[in-house]
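Asks: A single structure is presented below for examination.
The values are calculated or read from the model by the stated rules, or taken from the named source; none is laboratory data. In this text the structure is predicted, and so the values were computed from the model without any measurement. Every residue, glycine among them, receives a Cβ derived from its backbone with ideal geometry; neighbour counts consider all protein chains shown.
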Amino acid sequence: MKKKFLALFGLISFSPFLVVACQKNDFIKDKRTFVFKNNFANDWGSLGFLLPNYLSENINKINLATSAKLFRIESNNQPEIDFRDNIILKPTELNYSFENASSISVIKDNNLIAYDNDEINLVDYDTQSSNNPEIFSPKKDKGNGFNNPYIFIPSSNEKSINNKSFFNDLKSSKGFSVSLSENENFWIDNNFNKKRMLKINDFRLGIFRNLLKSPRFRKDFNIDIKTTNNALLFDDDSLYFLLKQNEIDINKLLDFNSDTLDIKTLNNKTLDLENLFLRLFIQTNFSDALANNIELKNKSLINIANELIKLDQNQLNWFASYYVIKQNKPELISLQKNPFYKYKDTFNDLEKIDFQYSTIPLPNEAFANQIFYAFKQNIISELAFNKLSLIEKEQILNDYEKYNISYEREVNRTFLNNKIILNLLPDFENGFFNENFAILYYGLKYKSDNQLDWNNLYNKKALAFQSLFNNVANLAFLNEDKALWLSQAPKDIYLKNNQNRLNYNTLKDAYENVFKKNYLTIENNEISIKTKHNKKIEASLKENLKAADFEDIKNNLNALINDFYNQSNSKDDIKVTIPVFLFEATNQQIQKLDIIKNLFLEINPKLKVDFKIVKNYEEFNLYFKQNKSIYKFNDFSLNSPDTFDFIKNEILLENSNIFTLISLKQNDENFQRIFPSLIALIKSLQLEIPNEQKNEPKSYKNYLFSNKFELENKILTYLKNSSVEKQLSLIKEINQLISQIYSFDNFINLNSFDKVVYQNHFIKPISYDGLYYLQDIKIK
């Protein structure tokens, strides 16, 4: 993907060249200590290594430094950047690395191909081509440099996992087996006392523990266990679904009598297992080793599971990793280098890493000011440039030669962009809205037997009212510093297709295509789809917050409201409370919500909209998790960082109600016009629902629950045969259905890079795909 470095580096125009590693800093006494200061409480807790890395950046950093892994991505060099021409002169160098694995053998065409090293070629940036096969000369793709700030270094060694043949073999494979470097690594406690040798079954137990979190796995394998330890066991089907999708023989994988970790396909089927390898070993902590004193051989899975949940916390807090958690308190987690770990370099890495926390978080502005001066006094090691005030940014830029300015790439292929969506099927009896609003917004109607009339739900007037209501304000002006992203989809997920005529690589590349906006009206008693105009910058805040088509939206909303009152005996107002999640609401954010509230009154004095600022977890649970609001909490993580997995998960997630609503309305002419791609997908599934039950949402909910695996496979097959254009249409329709909400979280940074300032004696490679390995930071 082309990187917009002009926008990225536009603030700096005073130096033609800046090598991003600047002067040495002589003020820090202990140069091999790195200190983070965080404006939040310690979320790692006491058992953070059992939590998924994606839960937070803090958990991710600590787990990547302190967990025993088989493989990882190693990074070297802080990038050198030419700011004048906005190009990378020398990128961060990446390669795949054996951590505790000693070899991996891939089954291809009934042959076993062994890869037993992670060697890479020497790199020569001065020569465009070399006759020496052991020298890699990267091709410069932008003038005298590179577009990307990192580059993978290949290997000419045919036995290296960095040789191109390794991933080529995985792409057409029946499986692979991983062997451990025996007698090379110890489990130790946080006082550096050796406990025992690390074994391959410790990694298998880590996988088993993650599988146990899946209710479907426990059901399918007849494992009935109970635990009050939520960190050890909470509902998460991610790993189980990943293995099922790749048709992996789970019984063989969980064979604790095997001396290797065996990932084999069922019936020796040849499949593309590249993504499975990356998800299992690189992008997640699914396969991280789990400390234990269990005798694992010759035992049933149920017996191992019951012993696993009884492990005490002290036992689990052993380490067989680069760093050991030496201290863990509410205000501090301190890591110290493991003296027994097998290192490639030992003389210039970090000895100690401190994560400092705020038990009572400060206001953002006060915290930014605090860390700025703490950084200048060498109390902390890094400074997030985008969190500083304009004055503080100018101080750094005006004195740039004194600072070690670098960049971190903001990559998101796993986390949902926003976890709040429109609630398609709320509790109509106890909602934070009155009946008049429910009639207009949802098409609520009761039959003579006091049962909901599901046929009337989302009728054409309701569809138009909901669309107009959601488009009253110019949502882009809720955050002027970032780009509006009305989607739950992670911005960097890959677009999967063999024939990509649009030349898109990630969803973010298709920004203009996916987020072409429209709204619905009623014209001549029929649904009309109108394209929204782009909003021009106005003089006043109020005018900027009005939709570009505000007058047309106002007229059409008024027509629907007047029609409602003409046909109704009700004299009551149309009332709704919209929850907005803001732990720390600024005065400007409150002002913007007040203006939008008054825009609704300007449209019609009967339209009474109230914004509830949700400030704590109790309120969050009430307004977003109890099905009472027009918005709801909706969360999941992707097994595979691509559009296939996002579309499949979003549609089949019971909580989103997309599958239920689209199935219920698949023969509705209005839905067929507004959501043609979703309707086509649902029809392709050929749902077997008795005719007498086709008008009941619970029929589709039950069908989804009973047939989820089958539906997943059908949707994946459908998507594999779909063009990129069809995928984008599906995502656009999903967005239109659930993501047009009033929120300050529906925004992204299109540039992808944020400036970071490090103390001058650090060499910090750019993190790849959010994998922030502290062990790769070096000292000058």
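Asks: With (1) touching a strand residue (DSSP E or B) at 6+ places or on another chain (Cβ under 7 Å); (2) more than 27 Å from ASN598 (Cα to Cα) as the list, and LEU520 as the residue in question, which single condition is left unmet?
Replies: It is condition (2) that LEU520 fails.
Asks: Another question about this same structure. Inside region 747-763, can you point out the residues that are within 25 Å of PRO52 (Cβ to Cβ) and part of a loop (DSSP other than H, G, I, E, B)?
Replies: Of all residues in region 747-763, those within 25 Å of PRO52 (Cβ to Cβ) come to 747-749, 752, 754, 756.
Those that are within 25 Å of PRO52 (Cβ to Cβ) and part of a loop (DSSP other than H, G, I, E, B): ASN749, SER752.
Asks: Starting from region 546-575, take each residue that is surrounded by fewer than 19 Cβ atoms within 10 Å (Cβ to Cβ) and list its partners that are aliphatic (A, V, I, L, M), counting only C-beta distances under 6 angstrom and pairs at least six apart or across chains.
Replies: PHE564/LEU440
Asks: Additional query: Going residue by residue through region 528-544, is there one that turns out to be surrounded by 20 or more Cβ atoms within 10 Å (Cβ to Cβ), out of contact with any Cys (no Cβ under 9 Å at 6 or more places or on another chain) and in contact (Cβ under 8 Å) with a residue 40 or more places away in the chain?
Replies: No, region 528-544 contains no residue that is surrounded by 20 or more Cβ atoms within 10 Å (Cβ to Cβ), out of contact with any Cys (no Cβ under 9 Å at 6 or more places or on another chain) and in contact (Cβ under 8 Å) with a residue 40 or more places away in the chain.
Asks: Restricting attention to region 267-283, does a residue exist that is touching a Gly at 6+ places or on another chain (Cβ under 9 Å), farther than 21 Å from ARG209 by Cβ and either in the same structural domain as ASN60 (by TED's automatic domain parsing) or assigned to a helix (DSSP H, G or I) (or both)?
Replies: yes
Asks: Return the residues of region 734-750 that are under 24 Å from THR414 (Cβ atoms) and surrounded by 19 or more Cβ atoms within 10 Å (Cβ to Cβ); say none if nothing qualifies.
Replies: Step one: of region 734-750, the residues under 24 Å from THR414 (Cβ atoms) are 734-741, 743-750.
Matches in region 734-750: ILE734, ASN735, GLN736, LEU737, ILE738, SER739, GLN740, ILE741, SER743, ASN746, PHE747, ILE748.
Asks: Does ILE682 satisfy being buried (at least 18 other Cβ atoms within 10 Å of the Cβ) and either within 29 Å of THR577 (Cβ to Cβ) or touching a Phe, Trp or Tyr at 6+ places or on another chain (Cβ under 7 Å) (or both)? Even if it seems obvious, please write down each step before you answer.
Replies: Working: buried (at least 18 other Cβ atoms within 10 Å of the Cβ): yes; either within 29 Å of THR577 (Cβ to Cβ) or touching a Phe, Trp or Tyr at 6+ places or on another chain (Cβ under 7 Å) (or both): no.
Spelling it out, it is not the case that ILE682 is buried (at least 18 other Cβ atoms within 10 Å of the Cβ) and either within 29 Å of THR577 (Cβ to Cβ) or touching a Phe, Trp or Tyr at 6+ places or on another chain (Cβ under 7 Å) (or both).
Asks: Filter region 253-273 down to the residues that are in contact with a Leu (Cβ under 9 Å, 6 or more places away or on another chain) and among the β-branched types (Val, Ile, Thr) and list them by number.
Replies: Hits for region 253-273 are THR260, ILE263, THR265.
Yes/no matrix, rows are residues, columns are (1) at pLDDT below 95; (2) within 18 Å of ILE225 (Cα to Cα):
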residue	(1), (2)
ASN275	yes, no
PHE281	no, no
THR284	yes, no
GLU295	yes, no
GLU307	yes, yes
ASP312	yes, yes
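Asks: Any residue in region 592-619 that is at pLDDT 95 or above sitting within a Cβ distance under 7 Å of a residue that is of a type in the set (Ser, Thr, Tyr)? List the pairs, counting only those 6 or more apart or interchain.
Replies: If the second residue must be of a type in the set (Ser, Thr, Tyr), the pairs left are ILE596/TYR742; ASP610/THR577; LYS612/THR577; LYS612/TYR623; VAL614/TYR623.
Asks: Moving on. Taking region 685-712, which residues are over 23 Å from LEU463 (Cβ atoms) and among the hydroxyl-bearing types (Ser, Thr, Tyr)?
Replies: TYR703, SER706
Asks: Looking at region 449-466, is at least one residue surrounded by fewer than 20 Cβ atoms within 10 Å (Cβ to Cβ), modelled with pLDDT of 90 or more and acidic (Asp, Glu)?
Replies: Within region 449-466 (the criterion being surrounded by fewer than 20 Cβ atoms within 10 Å (Cβ to Cβ), modelled with pLDDT of 90 or more and acidic (Asp, Glu)), the answer is no, since none of the residues qualifies.
Asks: Output yes when any residue across region 178-191 is at pLDDT 95 or above, closer than 23 Å to LYS69 by Cα, surrounded by 15 or more Cβ atoms within 10 Å (Cβ to Cβ) and acidic (Asp, Glu), and no when none is.
Replies: No, region 178-191 contains no residue that is at pLDDT 95 or above, closer than 23 Å to LYS69 by Cα, surrounded by 15 or more Cβ atoms within 10 Å (Cβ to Cβ) and acidic (Asp, Glu).
Asks: Among the candidates ILE200, ILE207, ILE250, which residue alone is modelled with pLDDT of 95 or more and closer than 18 Å to GLY48 by Cα? Working first, answer last.
Replies: Values: ILE200 fails: closer than 18 Å to GLY48 by Cα; ILE250 fails: closer than 18 Å to GLY48 by Cα.
Being modelled with pLDDT of 95 or more and closer than 18 Å to GLY48 by Cα holds for just one of ILE200, ILE207, ILE250, which is ILE207.
Asks: Same structure again: Hey, any hits in region 416-427 for a residue that's of a type outside the set (D, E, K, R) and modelled with pLDDT under 85? Show your work before the answer.
Replies: Narrowing region 416-427 to residues of a type outside the set (D, E, K, R): 416-418, 420-426.
Narrowing the set further to residues that are modelled with pLDDT under 85 leaves none.
Checked region 416-427: no residue is of a type outside the set (D, E, K, R) and modelled with pLDDT under 85.
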